[in-house]
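The values are calculated or read from the model by the stated rules, or taken from the named source; none is laboratory data. Please read all numbers here as calculations on a predicted model, not as lab measurements. Glycine also receives a Cβ, built like all others from the backbone with ideal geometry; neighbour counts cover every protein chain displayed.
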Amino acid sequence: MAERRSERRARKGAPDWAEPLGLRQPLSQRAGDALRDGDDAVSRALEAALRHRERVERVTHGFHTYPAGLHPDAAAALLALAPGPVLDPFCGGGTVLVEAMLAGREALGTDVSPVATLVARARTALTTEAERTALRSAARKAADVARTEGLAAERAYATGSLRRPELPEVLFDWYEPHVLVEMNALRREIKNDPLLKAIFSSIVVKTSLRESDTSNRRSEEKRPAGTTATLFHKRAREYARQLEALAAAVPAGLSVRVHRQDAREQREKDHFGLALSSPPYPGVYDYVPLQQLRMAWLGLDQGDAPREEIGSRRSFRADRAEAVARWRADTAKWVRVTARALVPGGRLVVVTGDGNVGGKPIDSLSPLTDAAVAAGMRRVARATVERWDEGLDRVRPEHAVCFERSGA
Ligand SMILES: C[S@@+](CC[C@H](N)C(=O)[O-])C[C@H]1O[C@@H](n2cnc3c(N)ncnc32)[C@H](O)[C@@H]1O
(Lines give C-alpha, C1' and ligand atoms only; values in the text may rest on other atoms or scores of the structure.)
Protein backbone atom coordinates (compact mmCIF):
# COMPACT_ATOMS: atom_id res chain seq x y z
CA MET A 1 0.00 0.00 0.00
CA ALA A 2 1.28 3.52 -0.79
CA GLU A 3 2.84 5.26 2.17
CA ARG A 4 0.66 8.06 3.49
CA ARG A 5 2.06 11.60 3.44
CA SER A 6 1.96 11.88 7.24
CA GLU A 7 3.83 8.58 7.56
CA ARG A 8 6.41 9.69 5.05
CA ARG A 9 6.87 12.96 6.97
CA ALA A 10 7.34 11.07 10.25
CA ARG A 11 9.89 8.75 8.63
CA LYS A 12 11.81 11.75 7.27
CA GLY A 13 11.89 13.24 10.76
CA ALA A 14 9.48 16.12 10.10
CA PRO A 15 8.50 17.99 13.25
CA ASP A 16 4.84 17.69 14.26
CA TRP A 17 4.08 21.34 13.36
CA ALA A 18 4.75 20.36 9.75
CA GLU A 19 1.33 18.73 9.33
CA PRO A 20 0.02 20.29 6.09
CA LEU A 21 -3.28 22.07 6.13
CA GLY A 22 -4.24 21.53 2.51
CA LEU A 23 -4.12 25.22 1.66
CA ARG A 24 -2.50 26.64 -1.41
CA GLN A 25 -0.47 29.62 -0.13
CA PRO A 26 3.23 28.91 0.46
CA LEU A 27 2.99 30.57 3.84
CA SER A 28 0.16 28.32 4.80
CA GLN A 29 1.89 25.56 6.67
CA ARG A 30 2.25 25.86 10.40
CA ALA A 31 5.58 27.44 11.16
CA GLY A 32 7.98 26.00 13.68
CA ASP A 33 10.38 27.90 15.92
CA ALA A 34 10.94 31.59 15.33
CA LEU A 35 14.02 33.75 15.57
CA ARG A 36 13.48 37.49 16.00
CA ASP A 37 15.79 40.47 16.31
CA GLY A 38 15.71 44.28 16.12
CA ASP A 39 12.76 46.46 17.14
CA ASP A 40 10.53 44.33 19.34
CA ALA A 41 7.11 45.51 18.09
CA VAL A 42 8.16 45.32 14.43
CA SER A 43 9.75 41.87 14.78
CA ARG A 44 6.60 40.57 16.48
CA ALA A 45 4.49 41.94 13.62
CA LEU A 46 6.85 40.25 11.13
CA GLU A 47 6.61 36.93 12.93
CA ALA A 48 2.82 37.16 13.16
CA ALA A 49 2.69 37.82 9.40
CA LEU A 50 4.65 34.63 8.73
CA ARG A 51 2.18 32.59 10.73
CA HIS A 52 -1.06 33.43 8.88
CA ARG A 53 -2.54 30.37 7.22
CA GLU A 54 -6.36 30.43 7.02
CA ARG A 55 -7.79 30.56 3.53
CA VAL A 56 -8.88 34.13 2.70
CA GLU A 57 -11.40 34.85 -0.02
CA ARG A 58 -12.25 38.52 0.60
CA VAL A 59 -12.88 40.71 -2.43
CA THR A 60 -10.85 39.40 -5.40
CA HIS A 61 -8.21 37.35 -3.56
CA GLY A 62 -9.94 34.08 -4.39
CA PHE A 63 -9.93 34.86 -8.11
CA HIS A 64 -7.26 33.03 -10.14
CA THR A 65 -4.48 30.97 -8.59
CA TYR A 66 -0.95 32.36 -8.60
CA PRO A 67 2.10 30.41 -7.39
CA ALA A 68 3.71 31.48 -4.12
CA GLY A 69 1.13 34.15 -3.33
CA LEU A 70 1.62 36.12 -0.14
CA HIS A 71 -1.06 35.51 2.46
CA PRO A 72 -3.60 38.40 2.26
CA ASP A 73 -3.67 38.84 6.04
CA ALA A 74 0.12 38.94 6.11
CA ALA A 75 0.06 41.64 3.43
CA ALA A 76 -2.57 43.62 5.35
CA ALA A 77 -0.54 43.49 8.58
CA LEU A 78 2.76 44.36 6.89
CA LEU A 79 1.21 47.36 5.14
CA ALA A 80 0.75 48.89 8.59
CA LEU A 81 4.54 49.07 9.05
CA ALA A 82 4.80 52.33 7.06
CA PRO A 83 2.37 54.91 5.68
CA GLY A 84 2.11 56.36 2.17
CA PRO A 85 2.05 55.00 -1.38
CA VAL A 86 2.96 51.33 -1.75
CA LEU A 87 5.31 49.65 -4.23
CA ASP A 88 5.41 45.89 -4.88
CA PRO A 89 8.25 45.27 -7.36
CA PHE A 90 7.44 41.52 -7.68
CA CYS A 91 3.67 41.82 -7.57
CA GLY A 92 2.72 38.37 -8.94
CA GLY A 93 -1.05 37.97 -8.72
CA GLY A 94 -1.38 41.31 -6.90
CA THR A 95 -2.12 40.31 -3.28
CA VAL A 96 -0.28 43.34 -1.87
CA LEU A 97 -2.00 45.67 -4.33
CA VAL A 98 -5.48 44.46 -3.38
CA GLU A 99 -4.72 44.92 0.31
CA ALA A 100 -3.24 48.36 -0.37
CA MET A 101 -6.49 49.31 -2.12
CA LEU A 102 -8.54 48.06 0.83
CA ALA A 103 -6.38 50.24 3.09
CA GLY A 104 -7.09 53.23 0.79
CA ARG A 105 -3.45 53.47 -0.36
CA GLU A 106 -2.11 54.39 -3.78
CA ALA A 107 -0.09 51.47 -5.17
CA LEU A 108 2.17 50.35 -8.00
CA GLY A 109 2.94 46.72 -8.81
CA THR A 110 5.49 45.49 -11.33
CA ASP A 111 6.30 42.01 -12.62
CA VAL A 112 8.07 40.59 -15.68
CA SER A 113 5.46 37.91 -16.27
CA PRO A 114 2.59 38.85 -18.63
CA VAL A 115 0.38 36.39 -16.73
CA ALA A 116 1.17 38.12 -13.43
CA THR A 117 0.22 41.52 -14.86
CA LEU A 118 -2.98 40.07 -16.40
CA VAL A 119 -4.00 38.58 -13.04
CA ALA A 120 -2.92 41.54 -10.91
CA ARG A 121 -4.85 43.96 -13.16
CA ALA A 122 -7.92 41.73 -13.01
CA ARG A 123 -7.75 41.46 -9.23
CA THR A 124 -7.42 45.23 -8.81
CA ALA A 125 -9.95 46.30 -11.48
CA LEU A 126 -12.39 48.95 -10.30
CA THR A 127 -15.63 48.46 -12.21
CA THR A 128 -19.09 50.00 -12.39
CA GLU A 129 -22.34 48.04 -12.12
CA ALA A 130 -22.89 48.52 -15.89
CA GLU A 131 -19.45 47.08 -16.66
CA ARG A 132 -20.10 44.04 -14.47
CA THR A 133 -23.45 43.44 -16.15
CA ALA A 134 -21.76 43.59 -19.56
CA LEU A 135 -19.07 41.18 -18.33
CA ARG A 136 -21.65 38.64 -17.10
CA SER A 137 -23.60 38.86 -20.32
CA ALA A 138 -20.52 38.47 -22.58
CA ALA A 139 -19.36 35.49 -20.48
CA ARG A 140 -22.76 33.80 -20.76
CA LYS A 141 -22.85 34.25 -24.55
CA ALA A 142 -19.30 32.88 -24.95
CA ALA A 143 -20.16 29.90 -22.72
CA ASP A 144 -23.30 29.12 -24.76
CA VAL A 145 -21.36 29.03 -28.03
CA ALA A 146 -18.53 26.99 -26.48
CA ARG A 147 -20.91 24.44 -24.93
CA THR A 148 -22.59 23.81 -28.29
CA GLU A 149 -19.22 23.38 -30.03
CA GLY A 150 -17.87 21.14 -27.25
CA LEU A 151 -20.84 18.78 -27.41
CA ALA A 152 -20.63 18.61 -31.22
CA ALA A 153 -16.88 17.90 -30.94
CA GLU A 154 -17.50 15.02 -28.57
CA ARG A 155 -19.93 13.46 -31.06
CA ALA A 156 -17.55 14.04 -33.97
CA TYR A 157 -14.66 12.50 -32.00
CA ALA A 158 -16.72 9.35 -31.39
CA THR A 159 -17.25 8.93 -35.14
CA GLY A 160 -13.68 9.83 -36.06
CA SER A 161 -14.70 13.02 -37.91
CA LEU A 162 -13.37 15.67 -35.49
CA ARG A 163 -11.34 18.36 -37.25
CA ARG A 164 -8.18 19.46 -35.51
CA PRO A 165 -8.39 23.16 -34.50
CA GLU A 166 -5.50 25.43 -35.41
CA LEU A 167 -3.71 26.01 -32.13
CA PRO A 168 -0.15 26.09 -30.77
CA GLU A 169 1.24 22.54 -30.74
CA VAL A 170 1.87 22.46 -26.99
CA LEU A 171 -1.86 22.61 -26.26
CA PHE A 172 -2.57 19.28 -27.99
CA ASP A 173 -0.58 17.41 -25.33
CA TRP A 174 -2.57 18.79 -22.46
CA TYR A 175 -6.28 18.70 -23.35
CA GLU A 176 -8.83 16.11 -24.33
CA PRO A 177 -9.95 16.76 -27.94
CA HIS A 178 -13.45 18.06 -27.10
CA VAL A 179 -12.08 20.26 -24.30
CA LEU A 180 -9.62 21.75 -26.75
CA VAL A 181 -12.52 22.66 -29.05
CA GLU A 182 -14.55 24.11 -26.19
CA MET A 183 -11.64 26.17 -24.91
CA ASN A 184 -10.87 27.33 -28.44
CA ALA A 185 -14.45 28.54 -28.84
CA LEU A 186 -14.29 30.41 -25.52
CA ARG A 187 -10.99 31.98 -26.48
CA ARG A 188 -12.40 33.13 -29.83
CA GLU A 189 -15.62 34.53 -28.35
CA ILE A 190 -14.00 36.60 -25.57
CA LYS A 191 -11.84 38.44 -28.11
CA ASN A 192 -9.48 40.90 -26.45
CA ASP A 193 -11.39 41.88 -23.34
CA PRO A 194 -8.79 41.82 -20.52
CA LEU A 195 -11.20 40.76 -17.75
CA LEU A 196 -12.70 37.94 -19.83
CA LYS A 197 -9.17 36.89 -20.72
CA ALA A 198 -8.33 36.73 -17.01
CA ILE A 199 -11.42 34.56 -16.39
CA PHE A 200 -10.35 32.30 -19.25
CA SER A 201 -6.81 32.17 -17.81
CA SER A 202 -8.26 31.10 -14.44
CA ILE A 203 -9.59 27.84 -15.97
CA VAL A 204 -6.64 26.98 -18.23
CA VAL A 205 -4.97 24.57 -15.80
CA LYS A 206 -8.13 23.21 -14.20
CA THR A 207 -9.50 22.11 -17.58
CA SER A 208 -6.17 20.64 -18.73
CA LEU A 209 -4.55 17.31 -17.96
CA ARG A 210 -1.93 19.11 -15.87
CA GLU A 211 -2.04 18.28 -12.19
CA SER A 212 -1.68 21.86 -10.91
CA ASP A 213 -0.22 25.30 -11.53
CA THR A 214 3.13 24.32 -10.06
CA SER A 215 3.40 20.76 -11.33
CA ASN A 216 3.89 19.35 -14.80
CA ARG A 217 2.61 15.92 -13.79
CA ARG A 218 -0.38 14.57 -15.71
CA SER A 219 -3.73 13.95 -14.13
CA GLU A 220 -6.02 11.54 -15.94
CA GLU A 221 -9.23 13.26 -14.82
CA LYS A 222 -11.85 13.33 -17.59
CA ARG A 223 -14.05 16.35 -18.33
CA PRO A 224 -17.45 15.69 -19.87
CA ALA A 225 -18.27 17.90 -22.86
CA GLY A 226 -20.00 21.13 -21.86
CA THR A 227 -18.47 21.33 -18.37
CA THR A 228 -15.62 23.59 -19.50
CA ALA A 229 -18.09 26.22 -20.73
CA THR A 230 -20.11 25.85 -17.53
CA LEU A 231 -16.98 26.31 -15.41
CA PHE A 232 -16.07 29.45 -17.36
CA HIS A 233 -19.54 30.91 -16.83
CA LYS A 234 -19.51 30.04 -13.12
CA ARG A 235 -16.09 31.68 -12.68
CA ALA A 236 -17.35 34.78 -14.48
CA ARG A 237 -20.32 35.09 -12.12
CA GLU A 238 -18.13 34.59 -9.05
CA TYR A 239 -15.60 37.11 -10.33
CA ALA A 240 -18.32 39.71 -11.01
CA ARG A 241 -19.46 39.33 -7.38
CA GLN A 242 -15.86 39.70 -6.18
CA LEU A 243 -15.43 42.83 -8.31
CA GLU A 244 -18.60 44.25 -6.80
CA ALA A 245 -17.22 43.66 -3.29
CA LEU A 246 -13.94 45.31 -4.27
CA ALA A 247 -15.65 48.38 -5.75
CA ALA A 248 -17.76 48.75 -2.59
CA ALA A 249 -14.71 48.52 -0.29
CA VAL A 250 -12.33 50.89 -2.06
CA PRO A 251 -12.44 54.70 -1.83
CA ALA A 252 -13.38 56.38 -5.12
CA GLY A 253 -10.55 57.71 -7.27
CA LEU A 254 -7.85 55.48 -5.80
CA SER A 255 -4.93 54.94 -8.15
CA VAL A 256 -3.49 51.44 -8.54
CA ARG A 257 -1.10 50.77 -11.39
CA VAL A 258 0.32 47.49 -12.67
CA HIS A 259 3.32 47.64 -15.01
CA ARG A 260 5.17 44.94 -16.82
CA GLN A 261 8.66 45.83 -15.72
CA ASP A 262 11.87 44.32 -14.37
CA ALA A 263 12.24 45.05 -10.65
CA ARG A 264 15.87 45.93 -11.27
CA GLU A 265 14.73 48.85 -13.43
CA GLN A 266 12.35 50.72 -11.17
CA ARG A 267 12.29 54.29 -12.45
CA GLU A 268 10.32 56.28 -9.87
CA LYS A 269 12.33 58.09 -7.19
CA ASP A 270 11.54 59.38 -3.68
CA HIS A 271 7.87 58.53 -3.93
CA PHE A 272 6.79 55.45 -1.95
CA GLY A 273 6.36 55.25 1.81
CA LEU A 274 6.55 51.47 1.73
CA ALA A 275 7.88 48.80 -0.60
CA LEU A 276 6.35 45.47 0.36
CA SER A 277 7.19 42.38 -1.64
CA SER A 278 7.84 38.68 -1.80
CA PRO A 279 10.53 38.20 -4.46
CA PRO A 280 11.29 34.77 -5.96
CA TYR A 281 13.04 32.48 -3.48
CA PRO A 282 16.38 31.33 -4.93
CA GLY A 283 16.07 28.17 -7.03
CA VAL A 284 12.49 27.34 -6.07
CA TYR A 285 10.28 28.08 -9.11
CA ASP A 286 10.46 28.83 -12.81
CA TYR A 287 7.67 31.38 -12.82
CA VAL A 288 7.59 32.19 -16.52
CA PRO A 289 7.75 28.60 -17.93
CA LEU A 290 5.09 27.54 -15.41
CA GLN A 291 2.69 29.77 -17.33
CA GLN A 292 3.35 28.14 -20.71
CA LEU A 293 -0.25 26.95 -21.26
CA ARG A 294 -1.75 30.35 -20.41
CA MET A 295 0.67 32.15 -22.72
CA ALA A 296 -0.08 29.73 -25.57
CA TRP A 297 -3.86 30.11 -25.24
CA LEU A 298 -3.84 33.85 -24.82
CA GLY A 299 -1.05 34.54 -27.31
CA LEU A 300 0.80 36.46 -24.61
CA ASP A 301 4.21 37.67 -25.63
CA GLN A 302 6.70 36.65 -22.96
CA GLY A 303 9.25 39.10 -24.37
CA ASP A 304 12.44 39.07 -22.30
CA ALA A 305 10.71 37.60 -19.23
CA PRO A 306 12.57 34.23 -19.27
CA ARG A 307 15.89 36.11 -19.25
CA GLU A 308 14.74 38.76 -16.78
CA GLU A 309 13.30 36.33 -14.23
CA ILE A 310 15.59 36.27 -11.20
CA GLY A 311 16.41 33.32 -8.93
CA SER A 312 14.86 30.77 -11.29
CA ARG A 313 15.15 27.10 -10.52
CA ARG A 314 16.63 26.43 -13.97
CA SER A 315 19.46 28.94 -13.41
CA PHE A 316 20.50 27.10 -10.23
CA ARG A 317 20.49 23.74 -12.01
CA ALA A 318 23.05 24.89 -14.57
CA ASP A 319 25.95 26.18 -12.46
CA ARG A 320 25.22 26.58 -8.77
CA ALA A 321 28.18 28.84 -7.85
CA GLU A 322 27.50 31.14 -10.78
CA ALA A 323 23.77 31.17 -9.98
CA VAL A 324 24.42 32.15 -6.35
CA ALA A 325 26.70 34.98 -7.48
CA ARG A 326 24.09 36.16 -9.99
CA TRP A 327 21.38 35.93 -7.34
CA ARG A 328 23.41 38.22 -5.03
CA ALA A 329 24.03 40.71 -7.85
CA ASP A 330 20.34 40.71 -8.87
CA THR A 331 19.28 41.20 -5.25
CA ALA A 332 21.71 44.13 -4.92
CA LYS A 333 20.23 45.71 -8.06
CA TRP A 334 16.55 45.49 -7.20
CA VAL A 335 17.14 46.53 -3.59
CA ARG A 336 19.17 49.58 -4.73
CA VAL A 337 16.52 50.89 -7.13
CA THR A 338 13.74 50.10 -4.66
CA ALA A 339 15.55 52.03 -1.90
CA ARG A 340 15.78 55.01 -4.26
CA ALA A 341 12.05 54.79 -4.96
CA LEU A 342 11.30 55.26 -1.25
CA VAL A 343 10.92 58.61 0.46
CA PRO A 344 13.55 59.28 3.15
CA GLY A 345 12.43 57.28 6.20
CA GLY A 346 10.40 54.96 3.96
CA ARG A 347 10.52 51.23 4.61
CA LEU A 348 11.22 48.10 2.61
CA VAL A 349 9.51 44.97 3.94
CA VAL A 350 10.42 41.65 2.31
CA VAL A 351 9.03 38.17 2.80
CA THR A 352 11.51 35.65 1.47
CA GLY A 353 12.68 32.09 1.97
CA ASP A 354 15.93 30.23 1.65
CA GLY A 355 16.38 28.04 -1.37
CA ASN A 356 17.57 24.48 -1.47
CA VAL A 357 19.21 23.14 -4.58
CA GLY A 358 20.67 19.67 -4.83
CA GLY A 359 20.18 19.18 -1.09
CA LYS A 360 22.25 22.27 -0.23
CA PRO A 361 20.65 25.35 1.34
CA ILE A 362 20.86 28.78 -0.30
CA ASP A 363 20.72 31.65 2.14
CA SER A 364 18.46 34.50 1.07
CA LEU A 365 18.71 36.69 4.18
CA SER A 366 22.34 37.83 4.08
CA PRO A 367 22.36 38.87 0.39
CA LEU A 368 19.21 40.86 1.11
CA THR A 369 20.62 42.51 4.23
CA ASP A 370 23.97 43.27 2.55
CA ALA A 371 22.11 44.80 -0.39
CA ALA A 372 19.91 46.95 1.85
CA VAL A 373 22.87 48.25 3.88
CA ALA A 374 24.79 49.02 0.67
CA ALA A 375 21.71 50.93 -0.54
CA GLY A 376 21.75 53.18 2.56
CA MET A 377 19.13 51.38 4.64
CA ARG A 378 19.28 49.97 8.16
CA ARG A 379 17.66 46.73 9.25
CA VAL A 380 14.85 47.58 11.67
CA ALA A 381 13.86 44.01 12.53
CA ARG A 382 13.48 40.52 11.21
CA ALA A 383 11.66 37.31 12.04
CA THR A 384 12.64 33.89 10.75
CA VAL A 385 10.50 30.81 11.07
CA GLU A 386 11.22 27.23 10.17
CA ARG A 387 8.93 25.74 7.62
CA TRP A 388 8.61 22.19 6.43
CA ASP A 389 9.08 21.95 2.69
CA GLU A 390 6.89 19.16 1.38
CA GLY A 391 8.78 18.91 -1.92
CA LEU A 392 12.20 18.70 -0.30
CA ASP A 393 11.24 16.78 2.83
CA ARG A 394 13.20 19.13 5.01
CA VAL A 395 12.95 22.33 7.01
CA ARG A 396 13.51 25.52 5.03
CA PRO A 397 13.63 28.89 6.82
CA GLU A 398 11.38 31.76 5.79
CA HIS A 399 12.11 35.36 6.70
CA ALA A 400 10.19 38.60 7.01
CA VAL A 401 12.53 41.59 7.20
CA CYS A 402 11.98 45.33 7.61
CA PHE A 403 14.55 47.92 6.46
CA GLU A 404 14.37 51.70 6.65
CA ARG A 405 15.84 54.29 4.33
CA SER A 406 17.86 56.87 6.25
CA GLY A 407 17.07 60.57 6.39
CA ALA A 408 13.53 60.67 7.83
C1 LIG B 1 6.79 35.07 -5.05
S2 LIG B 1 6.11 35.63 -6.56
C3 LIG B 1 5.22 37.03 -6.01
C4 LIG B 1 3.86 36.60 -5.49
C5 LIG B 1 3.05 37.78 -5.01
N6 LIG B 1 3.59 38.32 -3.79
C7 LIG B 1 1.58 37.36 -4.80
O8 LIG B 1 1.08 37.43 -3.67
O9 LIG B 1 0.96 36.90 -5.77
C10 LIG B 1 7.49 36.33 -7.38
C11 LIG B 1 7.19 37.06 -8.69
O12 LIG B 1 8.40 37.69 -9.13
C13 LIG B 1 8.33 37.78 -10.54
N14 LIG B 1 9.69 38.12 -11.04
C15 LIG B 1 10.76 37.31 -11.20
N16 LIG B 1 11.82 38.04 -11.63
C17 LIG B 1 11.41 39.33 -11.72
C18 LIG B 1 12.05 40.55 -12.08
N19 LIG B 1 13.33 40.60 -12.47
N20 LIG B 1 11.31 41.70 -12.03
C21 LIG B 1 10.00 41.68 -11.66
N22 LIG B 1 9.34 40.54 -11.34
C23 LIG B 1 10.03 39.39 -11.36
C24 LIG B 1 7.77 36.45 -10.98
O25 LIG B 1 7.19 36.53 -12.27
C26 LIG B 1 6.73 36.20 -9.86
O27 LIG B 1 5.47 36.66 -10.26
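For residues that are without any contact (Cβ under 8 Å) to a residue 60 or more places away in the chain and within 12 Å of A185 (Cα to Cα), tally how many sit in segment 132-144.
The number of residues fulfilling the criteria is 1.
Can you tell me which residues in segment 308-333 are within 12 Å of the ligand (Cβ to nearest atom), assigned to a helix (DSSP H, G or I) and not small (G, A, S)?
E308, R313, R326, W327, D330, T331, K333
For segment 367-408, name all the residues that are of a type in the set (F, W, Y) and under 25 Å from R326 (Cβ atoms).
If the condition is that a residue be of a type in the set (F, W, Y) and under 25 Å from R326 (Cβ atoms), then F403 is the only one that fits.
When you scan segment 264-272, do you find a residue that is crowded, with 23+ Cβ neighbours inside 10 Å, within 13 Å of the ligand (Cβ to nearest atom) and either within 16 Å of the chain's Cα centre (by Cα) or in a loop (DSSP other than H, G, I, E, B) (or both), even just one?
Looking for residues that are crowded, with 23+ Cβ neighbours inside 10 Å, within 13 Å of the ligand (Cβ to nearest atom) and either within 16 Å of the chain's Cα centre (by Cα) or in a loop (DSSP other than H, G, I, E, B) (or both), one finds at least one in segment 264-272, hence yes.
Which one of these does S366 not meet: (1) assigned to a helix (DSSP H, G or I); (2) in contact (Cβ under 8 Å) with a residue 12 or more places away in the chain?
(2)
Taking only segment 186-206 into account, find how many residues are of a type in the set (K, R) and not in a loop (DSSP other than H, G, I, E, B).
Matching residues across segment 186-206 total 3.
Within the bounds of segment 348-365, is there any residue that is on the phi > 0 side of the Ramachandran plot and within 16 Å of the ligand (Cβ to nearest atom)?
no
Does any residue of segment 258-280 turn out to be under 27 Å from R105 (Cα atoms), in contact (Cβ under 8 Å) with a residue 40 or more places away in the chain, assigned by TED's automatic domain parsing to the domain that holds K333 and among the aromatic types (F, W, Y)?
Within segment 258-280, one or more residues are under 27 Å from R105 (Cα atoms), in contact (Cβ under 8 Å) with a residue 40 or more places away in the chain, assigned by TED's automatic domain parsing to the domain that holds K333 and among the aromatic types (F, W, Y).
Going residue by residue through segment 36-49, is there one that turns out to be in a loop (DSSP other than H, G, I, E, B), over 30 Å from L298 (Cβ atoms), in contact with a strand residue (DSSP E or B) (Cβ under 7 Å, 6 or more places away or on another chain) and of a type outside the set (A, V, I, L, M)?
yes
Name every residue in segment 51-60 that is under 28 Å from R382 (Cα atoms) and crowded, with 22+ Cβ neighbours inside 10 Å, in order of residue number.
If the condition is that a residue be under 28 Å from R382 (Cα atoms) and crowded, with 22+ Cβ neighbours inside 10 Å, then no residue fits.
Would you point out which residue out of A275, A252, A245 is small (G, A, S) and either part of a helix (DSSP H, G or I) or under 24 Å from A153 (Cβ atoms) (or both)?
Selected residue: A245, the only one of A275, A252, A245 that is small (G, A, S) and either part of a helix (DSSP H, G or I) or under 24 Å from A153 (Cβ atoms) (or both).
Being within 30 Å of A82 (Cβ to Cβ) and under 23 Å from the mean Cα position of the chain (by Cα), is that true of even one residue in segment 224-241?
There is no residue in segment 224-241 that is within 30 Å of A82 (Cβ to Cβ) and under 23 Å from the mean Cα position of the chain (by Cα).
Does V343 count as over 18 Å from S278 (Cβ atoms) and either assigned to a strand (DSSP E or B) or polar (S, T, N, Q) (or both)?
yes
Starting from residues that are surrounded by fewer than 18 Cβ atoms within 10 Å (Cβ to Cβ) and assigned to a helix (DSSP H, G or I), keep the ones in segment 279-307 and report whichever is farthest from the ligand (Cβ to nearest atom).
A296
So, in segment 215-253, how many residues would count as being among the aliphatic types (A, V, I, L, M) and surrounded by fewer than 16 Cβ atoms within 10 Å (Cβ to Cβ)?
4
Residue check, V258 against (1) within 16 Å of the ligand (Cβ to nearest atom); (2) in a loop (DSSP other than H, G, I, E, B), all met but one. Which one?
Of the numbered conditions (1) within 16 Å of the ligand (Cβ to nearest atom); (2) in a loop (DSSP other than H, G, I, E, B), the odd one out for V258 is (2).
Residues in segment 121-136 that are more than 15 Å from V250 (Cβ to Cβ) and surrounded by fewer than 19 Cβ atoms within 10 Å (Cβ to Cβ): how many?
Of the residues in segment 121-136, 4 are more than 15 Å from V250 (Cβ to Cβ) and surrounded by fewer than 19 Cβ atoms within 10 Å (Cβ to Cβ).
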